[in-house]
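Structure record follows, encoded as C-alpha cells.
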Amino acid sequence: MRDSGIYAITNRQNGKQYIGSSIDLPKRRREHWNALLGGYHQNQHLQRSVNRYGLGAFAFDVLERCESEQLVDREQFYLDSLKPAYNMRPIANSMLGIKRSRETRERMSVALKKYYETHDAPCGPDHPMYGRKHSAETRAKMSRNGKGKGAGRPGRSPSAETRAKMSAAKRDKPIWNRGRPHSEQHKANLRKAWVGRKERKPPKGPRRIVALADLHTFGWDKQRRNVLIAQRHRRLREWVARMNSAMETVR
C-alpha cells in the first residue's frame, strides 16, 4: 500500500521550506534527493540552496498523511498557511503564479519563431484554422476516433489486407546477419570479453544491508553509493568497537 500525503523539505539553516504532495512519499523523497545531488532539480531556488548549504542541511518531513483524493486540497492548505519560500507556485497542482522575466519571455519568443521558420509551419493568419473553431459534430468525431489504446492509431486495427502486406514486406526483407557466421577473430573477442566474468551476488551480513539500502535510495549512481557505503561502514565499525568496549567493561 502506497504512503500518500503532504511533505516539507526544510532548510535547517534558515528555516525556509518547500511543500509538496505525493501518492508515494518514500519514492518522492528519493526523486528529490537524486535530483538535488545530481544538480538537475527542476526547482532552481531549492537547487541553489542545496548547492550553498549542502544536502545535509535539509530535512524531509511528512506533514500529513491523507488519501490521494485529498492531496491537492491539503497541499493548498499548507501552502496558504506556511507560505514556503522555495515553492515557485502558490497554487497546488497548477502553473498559476509563475511569472516569467522579460528576458525569459523574449528567449521563448525567439525559440518559437525559429522553430516555425525552420519547420515551415504556418502560424497566425496563414494557419488554415486561424479564427475558426471546430463544430460540435467535428469535435465528437475527433473524440470518438481518439478513444482507445495503442500508439499512433488509437482504437484502430489494420485490416486483413493491410496485415498481409505488412507480413509480406517483413518476410521479403533480408536480415543483415542471416547466413553470415562470426569470424574466428570475432569469436575470440567475444570469448575474451566473457571469460572470467562471474555473477555478481550481494554481499552478506551488515554490508549486504547497507548495499541494498543504498541501492534502493540512490539507484545505480556508483560514486555516491560507494561514498555512502564507506561512511556507513565506518560508523558500523565505530559502533561495534563501542559495543565490544562496553562488553569488556561489564565482564
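The values are calculated or read from the model by the stated rules, or taken from the named source; none is laboratory data. Note that the coordinates shown come from a computational prediction; the quantities given were computed from them, not determined experimentally. Reconstructed Cβ throughout: ideal geometry from the backbone, glycine too, with neighbour counts over all protein chains shown.
For region 50-87, what are the residues that are surrounded by fewer than 18 Cβ atoms within 10 Å (Cβ to Cβ) and among the acidic types (D, E)? Hits for region 50-87 are D61, E64, E67, E69, D73, D80. Scanning region 114-154 for residues that are surrounded by 10 or more Cβ atoms within 10 Å (Cβ to Cβ), at pLDDT below 85 and part of a loop (DSSP other than H, G, I, E, B) yields a total of 8. Selection of first residues in region 156-168 that are within 20 Å of G146 (Cβ to Cβ) and free of Cβ contacts under 8 Å to residues at least 60 places away in the same chain and of second residues that are loosely packed, with under 10 Cβ neighbours inside 10 Å and small (G, A, S), restricted to Cβ pairs under 8 Å at least 6 apart or on distinct chains, gives the following pairs, ordered by first then second residue: R156/G150.
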